[in-house]
Amino acid sequence: MADNPKGELIAALAAQHLNPEFRVDGSGPAHAPSFMAEVWCDGQRLGYGEGRSRREAERRAAQQALQEVMPGQPPTPGLTSEESATAPWPLHPAVLAEALAVADSRLPQGTPLSEVGRQGAALYRMVLRELGHAPAPAQQPQDGP
């Protein structure tokens, strides 16, 4: 997971022209506060987190929300090399967000989100190949029959 899940979540949703809303509630005495945070977007709760500070609760909620927005994202830091090797394409959220934004801008308004995603993924793979960040040939997915 990234060092800044809240920022990555905001960037990923901004690429889809969406803005997350963080709702935080605190309780407990001043010496031992407890915070609960939720991330909402477009009327849907994407994530929930708890923590001893507002920032910690928001970070955990954003991590959970990233799992909804970007399902291939590793759930926690400290991914082992074996787990990392099973991911067919490296995840660069800023590049992916930009690829989705470009795909969205190139397609006619009203294009189904699934098609925008498909076009964005193709653009993302092309950019990663050109930058030399594509997976080894044995790991690359096969296109069609």
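Overview of results
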quantity: Estimated vicinal HN-Hα couplings, Hz - the range 108-115 in sequence order (Karplus 6.51, -1.76, 1.60; Gly, Pro = x); calculated: x, 4, x, 4, x, 4, 4, 6
quantity: Principal axis box of the range 5-69, alpha-carbon based, largest edge first, Å; calculated: 40, 20, 14
quantity: Farthest positive-ward along the range 5-69 dipole, Cα basis, beta-carbon charges - from L66, H31, C41; calculated: H31
quantity: The range 5-69 - charge dipole about Cα centre, Lys and Arg +1 at Cβ, Asp and Glu -1, debye rounded to 20; calculated: 220
quantity: Most to least packed among 104-111, 14-21, 118-125 [average Cβ atoms within 10 Å]; calculated: 118-125, 14-21, 104-111
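Only the coordinates and a few stated rules stand behind these numbers; no lab work does. Because the structure is a prediction, the values reported are computed rather than measured. As a convention, Cβ positions derive from the backbone with ideal geometry for all residues, glycine included, and neighbour counts pool all protein chains shown.
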